[in-house]
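Asker: Starting off with a structure, shown below.
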Amino acid sequence: MSSDSPTSGFVAFVGAGPGDPNLLTLRAAELLAKADAVVLGDEEHRPLLRHCREGVEVVEDDLVKRAKHGQLVVRLCEGDPMLFSSITEEVAACAAAEVDFEIVPGVPPATAVLTYAGIPAASGVPEFRVVDAAQDQDWAAHAACRGTLVIYNGIGDAVAIGKALIAGGKPDTTPVAVSSGGTTTEQYTVVSSLGRLQPDLKHAGFTEPALIVVGEAVGLRDKLSWFETKPLFGWRVLVPRTKEQSRSLSEQLVAYGAVPEEVPTISVEPPRTPQQMDRAIKGLVTGRYEWVAFTSANAVKAVREKFEEYGLDARAFAGLKVAAVGEATAQALVEFGVKPDLLPSGEQSSEGLVAEWPPYDSMLDPINRVLLPRADISTDTLVAGLTELGWECDDVTAYRTVRAAPPPAPIREAIKGGGFDAVLFTSSSTVRNLVGIAGKPHNVTVIAVIGPQTAKTAEEFGLRVDVMADKPSASALAAAVAEYGAKQRQAALAAGDTPRRPSQNRRGARRRAR
C-alpha cells in the first residue's frame with residue numbers, strides 16, 4: 001500500500017518506543033504530522049502529540065469507522081506494536097473491513113532499556129531471549145538460556161521467578177538487574193543476583209513497566225552505565241525565566257539528565273510610552289548615532305520588532321558601531337544579521353563594556369552620541385561610564401519587565417517544600433520575582449546564580465548560594481550546576497554511599513536509593 005498522500009483513510013499502528021519521546025522513528029513522526037486523529041495507547045504518549053498538526057483529534061476508538069470516512073488515524077502502541085502487543089484484534093478488524101493499514105515498528109524496551117542501563121544485552125553471548133511473564137512460562141527451560149534473558153511483566157513475581165530459575169539450574173549468583181521507567185529520567189535500576197532478589201527488591205518500590213534482566217552482561221553495567229550516571233540525572237530543576245529565554249537552557253539541562261521546569265517569573269512588555277523608541281529608531285536611520293549598545297537579548301528583540309514595524313532590516317545598522325554585553329545578546333544580534341563590533345573580553349557586564357569602550361575623539365568620531373535601548377529597571381552604570389568617556393547617551397526604555405502571574409499551586413508547594421533539586425537564577429529580577437510570586441525555595445534546594453550581583457540579591461532574600469557561573473551566561477550556569485552535581489555524586493560514591501538528589505535529603509522524603 002502506498003501511504004503517500006492517501007486518497008482514502010487508513011490506520012497506522014505506530015510503535016511509540018520505550019519511553020523517551022526522542023526515540024520515536026522518523027516514519028512515526030511523519031505519520032503523526034499527517035494524522036487526522038490519534039489514539040493514545042497510554043497517557044505517557046501525550047508528549048508525542050507535539051509532532052501533530054494543530055487541531056488533530058485525540059480519540060479513544062472507532063479506528064475503522066474514522067478510516068472509512070477518509071481519516072488518517074494513528075494508533076500509538078507501547079514499544080514495538082508486534083512485540084507482546086495487544087493490537088492483533090484491531091489489526092484484524094481493519095483487514096476484515098478492508099481498511100488499509102500500516103504497522104510501524106518502534107524501538108523495543110527489550111533492547112533500549114538495557115542500552116540506557118549500560119547492559120550490553122547481546123554482546124559476546126550466543127543467545128538473547130525475551131519472554132513475557134504474563135503468559136505461562138517454563139522457567140526451567142529458560143534457566144538453560146546461555147546468554148541474556150529479558151523478562152517483561154514480571155516485577156510482581158520477580159522473587160518467585162528468581163527461585164524458579166535457580167530450581168531450573170541457574171546459579172544463585174547469576175547477576176540480575178531490574179529497571180523501571182526505562183529510557184526516561186525516571187529510570188531506576190537495581191543490580192542484584194538471583195539469590196538476593198528478595199532483600200534487594202524489598203524496599204525498591206518497583207511498578208510496571210519494568211524489565212528483569214538475567215545474565216552475565218549485567219556485570220558490565222559498572223563500566224558501561226552512561227544514562228543514570230549523568231551529572232544531574234533525575235534532578236528536577238526550576239528555570240524561573242520567560243519561556244522564550246529558557247528554551248536553550250532547558251535543552252542543555254536535559255542533556256545533563258535533568259528534568260527542567262520552566263516557570264515564567266518575568267513578563268516582557270512594550271514601554272508605556274512608545275514615542276521615545278519611535279524617535280530613537282528614526283534617529284538611528286537618519287545618522288544621529290555613532291554607537292548602539294545592547295545589554296540584553298530583549299533589547300535586541302525590541303529594536304528588531306520596531307524595525308519590522310517600519311519595514312526596516314539589519315541594513316539600517318550600516319555605518320553604525322554596535323556593542324553588546326553577554327553571549328545571548330551577541331547571538332541575538334547575529335541572528336538579526338548584525339555582528340557586534342565590541343564585546344567585553346573580561347566581565348560580561350556594563351562595567352566590563354565601559355572598561356573597553358574607546359573615549360570620544362572629535363578627530364575620529366564625527367558623531368558623539370550613543371543609543372542605549374534597555375529595560376525600564378536598568379542601572380545607570382553604563383550611562384555614567386560613557387559620559388565620563390566623553391559620549392552623549394540617549395538612554396531609551398525599549399521594554400518593561402513586569403512580574404508574571406503566580407505559578408500553579410503544585411509548583412508553589414514544590415518550591416517551598418523542597419520538591420525541586422535546584423533553581424537557576426539568571427538575574428536579580430528573577431530572584432525578586434520568584435520569591436514574590438511563589439515564596440522562597442526550600443533550604444535543601446541548590447541555589448545557582450549567573451553572577452555576583454544575582455548572588456548578592458539572593459543572599460539579601462536569605463538564600464544560600466551554592467553555585468555561581470564562571471561567566472554570566474545561561475550556558476555557563478547550566479554547566480556549573482552540572483559540575484556541582486557531578487562532584488556531589490563522586491563524593492557520595494567515594495564515601496561508599498548511594499548518590500542522592502538534593503530533594504531526597506529533605507525531611508520526610510521517600511528514601512529510595514538511586
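The values are calculated or read from the model by the stated rules, or taken from the named source; none is laboratory data. These numbers come from a predicted model, not from an experiment. Cβ placement follows ideal geometry from the backbone for every residue including glycine, while neighbour counts extend to all protein chains displayed. Note: accessible area is taken over every heavy atom of the protein model, side chains too, but ligands, DNA and RNA are not part of it. Shrake-Rupley method; radii C 1.70, N 1.55, O 1.52, S 1.80 Å.
Asker: Of the residues in segment 127-136, how many are crowded, with 18+ Cβ neighbours inside 10 Å and over 20 Å from Gly219 (Cα atoms)?
Answerer: 2
Asker: Do we have any residue at all in segment 266-279 that's open to solvent by 50 Å² or more (accessible area, probe 1.4 Å) and either of a type in the set (Val, Ile, Thr) or touching a Gly at 6+ places or on another chain (Cβ under 9 Å) (or both)?
Answerer: For segment 266-279, residues open to solvent by 50 Å² or more (accessible area, probe 1.4 Å) and either of a type in the set (Val, Ile, Thr) or touching a Gly at 6+ places or on another chain (Cβ under 9 Å) (or both): present.
Asker: Return yes or no: is Leu63 within 26 Å of Ala134 (Cα to Cα), touching an Asp or Glu at 6+ places or on another chain (Cβ under 9 Å) and not β-branched (Val, Ile, Thr)?
Answerer: Criteria not met by Leu63.
Asker: Can you tell me how many residues within segment 451-466 are within 18 Å of Asp421 (Cβ to Cβ) and open to solvent by 10 Å² or more (accessible area, probe 1.4 Å)?
Answerer: Residues flagged as within 18 Å of Asp421 (Cβ to Cβ) and open to solvent by 10 Å² or more (accessible area, probe 1.4 Å) within segment 451-466 amount to 4.
Asker: Next question, about the same structure. Restrict the check to segment 200-212 and report whether at least one residue is in contact with a Pro (Cβ under 8 Å, 6 or more places away or on another chain) and not aliphatic (A, V, I, L, M).
Answerer: yes
Asker: Additional query: Looking only at segment 98-136, count how many residues are polar (S, T, N, Q), assigned to a loop (DSSP other than H, G, I, E, B) and either in contact with a helix residue (DSSP H, G or I) (Cβ under 9 Å, 6 or more places away or on another chain) or under 27 Å from Gly257 (Cβ atoms) (or both).
Answerer: The qualifying residues number 1.
Asker: For the condition at pLDDT below 95 and in contact with a Phe, Trp or Tyr (Cβ under 7 Å, 6 or more places away or on another chain), what is the one hit in Thr207, Thr185?
Answerer: Thr185
Asker: Residues in segment 296-328 that are open to solvent by less than 50 Å² (accessible area, probe 1.4 Å) and within 18 Å of Met277 (Cβ to Cβ): how many?
Answerer: Matching residues across segment 296-328 total 14.
Asker: Next up: Just a yes or no: is a residue in segment 20-36 within 27 Å of Asp132 (Cβ to Cβ), polar (S, T, N, Q) and exposed (fewer than 15 other Cβ atoms within 10 Å of the Cβ)?
Answerer: yes
Asker: Restricting to segment 321-349, name every residue that is in a helix (DSSP H, G or I) and either more than 31 Å from the chain's Cα centre (by Cα) or among the aliphatic types (A, V, I, L, M) (or both).
Answerer: Ala328, Ala330, Ala332, Leu333, Val334
Asker: With the requirement that a residue be over 14 Å from Ala330 (Cα atoms) and either in contact with a helix residue (DSSP H, G or I) (Cβ under 6 Å, 6 or more places away or on another chain) or assigned to a strand (DSSP E or B) (or both), what does segment 282-304 give you?
Answerer: Val285, Trp291
Asker: Moving on to the next point. Where in segment 387-471 are there strands (runs of 3 or more DSSP E), lying wholly inside it, with at least 3 residues that are over 23 Å from the mean Cα position of the chain (by Cα) and free of Cβ contacts under 8 Å to residues at least 60 places away in the same chain?
Answerer: 392-403
Asker: Condition check: under 16 Å from Ala12 (Cβ atoms), open to solvent by 30 Å² or more (accessible area, probe 1.4 Å) and in a helix (DSSP H, G or I). Does Ala67 satisfy that?
Answerer: no
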